[in-house]
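Please read the structure below before turning to the comments.
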Amino acid sequence: MKIIRSMVLVSADDESLARGAQDVFHAFLEEIDEFGLSDQITVTTIRDAGMHGEKPTVIVYPDAAVYGPVTVEDVHTIVEEHLHKGNIVPGLLAMMREMAPEIGWMRGRRGALPVQKRIVLERAGVVNPASIEDYILYDGYQALGKALTKMTPAEVIAEVEKSGLQGRGGAGFPTGRKWSFVAATPGSPKYVICNADESEPGTFKDRLIIEGDPFSIIEAMTIAGYAINAHEGFIYIRGEYPLAYKRIEHAIAEAEKHGMLGEHIFGTDFSFHIHPHAGAGAYICGEETALIESLEGKRGMPRARPPYPTTYGLYGKPTVVNNVETLASMPAIIRNGAMWYREVGSPKSTGTKVYTILGNVNFTGVIEAPMGITLREVIDIYGKGMKNDKALKLVQTGGSSGTIVPASLQDTPLDFDAFRNAGVSLGSGALLVCDEDTCVVDLAKVILRFFRNECCGKCTPCRIGTLRLYEIISQISEGRGSLDDFDLMQKISEAMSEVSNCGLGQTAATALRDILKYFRAEVEAHIVDHVCPTGVCPIKELAAVA
Amino acid sequence: MKKIQSLEDLKKFREQIIEEKRRKASAGKVELIVTLGSCGIAAGALDVLQAVKAQVKADHLDGAVVSETGCIGLCHHEPILEVVIGDQPKVTYGRVTVDAVKRIVREHVLDGKVVEDYVIDATPFPTI
Ligand SMILES: Cc1cc2nc3c(=O)[nH]c(=O)nc-3n(C[C@H](O)[C@H](O)[C@H](O)COP(=O)(O)O)c2cc1C
């Protein structure tokens with residue numbers, strides 16, 4: 001198995017080609033071979049690096065160094081100095097002010113923390129999760145101490161706002177702003193809820209965080225409580241995570257014993273209590289208002305919004321709901337300050353993001369990377385390449401409710417902003433990598449079956465829509481579809497995304513919509529020619545029966 | 001346990017912990033760490049933990065500490081066993097079987113020879 005350490009991307013748009021990009025590309029191949037690095041470094045062409053007047057442009061990952069204009073003579077220096085010795089060659093870098101907005105994010109990455117820097121997963125897998133001593137040894141509770149004894153609640157909120165932290169639970173709402181809404185809303189008591197329901201298929205980052213570093217969540221919730229003047233918090237833990245529940249329970253008891261939770265924390269007048277709560281295995285209970293209903297002992301169905309939980313949350317009181325990963329970023333921000341945090345990631349999406357990589361790559365697991373890395377990097381460097389050297393077909397980002405990114409868009413940086421512009425969702429951070437053997441109809445069928453099963457049934461567009469879409473796609477997969485199905489699927493998915501009550505119905509058809517957009521021909525082959533191009537769908541037998 | 005009352009208390013408590021760690025490390029303490037996340041447990045980490053405890057007992061390694069930690073993100077390498085001897089760098093073993101535990105304890109802990117067959121690169125991150 002080849003371990004790719006680094007990647008070289010050469011721009012190959014018309015202008016770059018006219019200026020000798022092809023020779024530059026070949027020069028890289030030769031020089032890299034010369035240095036015996038062929039096994040560790042890939043050279044790829046990309047259409048356009050978005051640089052104007054600096055072509056041909058060469059991007060070296062994972063440092064995200066942008067060189068340009070690069071001539072054949074420069075290649076030797078770049079390979080020797082940068083790829084061989086590991087030093088970026090400042091003299092050959094492209095002028096950053098020339099950089100097109102699409103890759104303006106790279107400026108934020110330069111000089112940032114090394115790629116392997118962990119913020120959220122700093123302690124997970126390093127400390128003993130049952131030991132508060134280990135937690136304190138690795139800087140635990142410094143943030144809470146600082147907040148309680150040296151900062152006012154307003155200062156804590158201001159610091160979080162300044163850090164640019166956006167919610168990691170899916171929607172990417174700015175965390176500081178959410179806290180300030182709750183702080184400003186009259187009403188008491190107020191509540192802090194940690195959303196650890198994590199039922200998005202393919203996502204298991206929150207589990208890793210809670211199981212590996214439970215104290216960080218407790219500390220962060222206590223900080224949140226201080227910031228918004230709440231004295232009670234709830235952790236809603238997915239029912240299938242009994243180990244996470246046990247570790248949180250233990251951590252709460254330990255924290256109380258050491259005066260880090262309960263009455264008079266850090267010897268101050270502030271008190272805060274945390275109650276763990278186990279879910280019962282419904283995807284919809286991850287949606288914040290359904291979660292609140294469930295906590296109140298009712299059936300887990302989303303409320304109509306507005307009012308949002310920030311004004312009308314648990315028991316009708318102002319409530320902060322935050323994802324596990326969002327909270328796990330908090331102690332480091334308070335400890336080191338907002339400006340420290342802003343140095344990581346891209347300017348508009350700060351910090352790191354935890355991703356779960358799964359599917360047809362050599363390495364599956366959990367990684368933490370700065371905001372703004374690209375799918376190509378995730379697959380080749382973190383995922384250590386495609387399994388069996390197959391070709392990449394698509395990536396589904398953000399779990400089942402997320403978007404489908406075709407291989408041609410793999411250079412889009414993974415951050416909230418760039419993704420929004422490209423119509424892609426970062427969602428929960430699950431990256432499902434699919435190779436050429438994946439059938440898009442089959443993929444859509446699996447996804448739609450999930451939503452058909454998990455729809456709570458409260459609103460009609462979602463209840464009927466998820467069922468109908470599943471029926472239609474099943475028929476197509478059996479070779480019994482018709483061309484009219486395209487219009488019908490389009491209509492149903494539009495209606496669902498527009499009028500469903502909550503995010504489940506609004507996003508259930510996202511993947512289908514993207515598949516119809518990027519892979520229409522493949523779906524048509526099922527309908528018109530009764531052929532599944534990848535041979536996954538069970539068309540033949542059924543056609544014979546009919 | 002006296003409760004921590006201030007940042008000053010926290011600092012003192014932390015220094016005590018560091019002192020304790022240092023003392024153990026300089027005494028050549030052996031630590032065997034099993035990663036017990038759900039993924040590890042599903043792959044058989046609890047059996048590995050049992051095996052480690054049994055082997056430590058069988059070989060009379062009275063000073064060795066068997067402890068646990070969370071998932072390190074390398075779910076495809078589970079079960080994972082980490083070995084720390086004194087202040088030497090940590091060695092990470094992947095896809096550890098019950099049989100492998102015996103070899104690791106005998107060859108690595110007792111004889112000081114790392115069992116290369118099971119060693120994995122513990123950084124999923126590119127090191128530049
Ligand atoms: C159907 C559905 C499922 C959701 N599941 C989760 C989940 O499992 N975990 C989570 O943190 N947020 C989930 N959310 C998002 C939450 O509603 C909410 O936006 C989030 O907890 C806010 O936290 P944040 O600001 O820290 O991201 C889900 C949303 C919807 C619509």
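The values are calculated or read from the model by the stated rules, or taken from the named source; none is laboratory data. What you see is a predicted model, and the numbers here were worked out from it, not measured in a lab. Reconstructed Cβ throughout: ideal geometry from the backbone, glycine too, with neighbour counts over all protein chains shown. The accessibility values were calculated without ligands, DNA or RNA, using every heavy atom of the protein model including side chains. Shrake-Rupley method; radii C 1.70, N 1.55, O 1.52, S 1.80 Å.
Buried accessible area between A and B (1.4 Å probe, both chains summed, ligands and nucleic acids excluded), in Å² to the nearest 100?
Working: alone 21950 and 8410 Å², together 26970 Å².
The A and B chains share an interface burying roughly 3400 Å².
What percentage of the solvent-accessible surface of the protein assembly as shown, computed with a 1.4 Å probe over protein heavy atoms, is contributed by carbon and sulfur atoms? It would help to have the intermediate numbers written out before the result.
Details: 13780 of 26970 Å².
Carbon with sulfur: 51 percent of the solvent-accessible area.
On full extension of the chain, what length is gained from residue A:150 through residue A:26, given 0.36 nm per residue of separation minus the C-alpha to C-alpha distance?
On the way: separation 124, 0.36 × 124 = 44.64 nm, distance 5.89 nm.
Stretched fully, the residue A:150-residue A:26 segment lengthens by 38.8 nm.
Determine the calculated [θ] at 222 nm for chain A from helices alone, applying -39500 (n - 2.57) to every DSSP H run no shorter than 4 residues and normalising by the residue count; nearest 500 deg cm²/dmol. Kindly include the intermediate steps, with their values, before the conclusion.
Working: 22 runs with 212 residues, N = 546.
Taking each H run of at least 4 residues, the total per residue is -11000 deg cm²/dmol.
Enumerate the lysines that residue A:445 could reach by cross-link, defined here as Cα to Cα under 30 Å, with residues fewer than 8 away along the same chain left out.
A:205, A:353, A:384, A:387, A:390, A:393, A:458, A:491, A:517, A:540
Give the lysines reachable from residue A:348 as a straight Cα distance under 17 Å; neighbours fewer than 8 places away on the same chain don't count.
By straight Cα distance, residue A:348 reaches A:162.
Using amide H atoms built in the peptide plane, which far-off residues or other-chain residues are under 5 Å from residue A:435 H to H?
Excluding prolines and chain starts, which carry no amide H, the hits are A:360, A:393.
Lone cysteines in chain B, going by a 4.7 Å Cβ-Cβ cut-off?
Lacking a cysteine Cβ partner under 4.7 Å: B:71.
Rg/Rh for segment A:352-435: what does it come to with C-alpha atoms and Rh from Kirkwood?
Values: Rg = 11.2 Å, Rh = 12.2 Å.
Using Cα coordinates only, the ratio equals 0.92.
Rounded to the nearest 0.05, what FRET efficiency do residue B:21 and residue A:299 give with R0 = 56 Å and r taken as the Cβ-Cβ distance? Could you check?
Calculated value: 0.65.
Could you state the principal axis extents of the C-alpha atoms in segment A:467-538, from the largest down, to the nearest angstrom?
The Cα atoms of segment A:467-538 stretch 37, 20, 19 Å along their principal axes.
Using only the alpha carbons of segment A:132-342, determine the length spanned along each of the three principal axes and report them from longest to shortest in whole angstroms.
Extents along the principal axes: 41, 36, 33 Å.
For residue A:172, what residues show an amide H to amide H distance below 5 Å, using hydrogens built from the backbone and excluding near sequence neighbours?
A:167
Could you tell me which Cys residues in chain A have no other cysteine's Cβ under 4.7 Å from their own Cβ, answering none if every one has a partner?
A:194, A:285, A:434, A:439, A:455, A:456, A:459, A:462, A:502
In square angstrom, what is the accessible area per residue of the protein assembly as shown with a 1.4 angstrom probe? Let's see the in-between values first.
Values: 26970 Å² over 674 residues.
Computed with neighbouring chains in place, this is 40 Å² per residue.
Name the shape class, rounded, prolate or oblate, that the alpha-carbon gyration tensor gives for the protein assembly as shown, where a ≥ b ≥ c are the square roots of its eigenvalues, rounded holds for a/c under 1.5, and otherwise prolate holds if a/b is larger than b/c and oblate otherwise. All intermediate terms of the calculation are to be shown ahead of the outcome.
Working: a/c = 1.44, a/b = 1.14, b/c = 1.26.
Verdict is rounded for the protein assembly as shown.
At a Cα cut-off below 25 Å, give the lysines reachable from residue B:113, other chains included and same-chain residues fewer than 8 away excluded.
Cα-Cα hits under 25 Å: B:21, B:24, B:29, B:53, B:57, B:90, B:102.
What whole-number value in cubic angstrom gives the convex hull volume per residue for the C-alpha atoms of segment B:28-118? Write out the running numbers ahead of the final one.
Numbers: hull volume 7.4 nm³, N = 91.
In segment B:28-118, the Cα hull volume divided by residue count equals 81 Å³.
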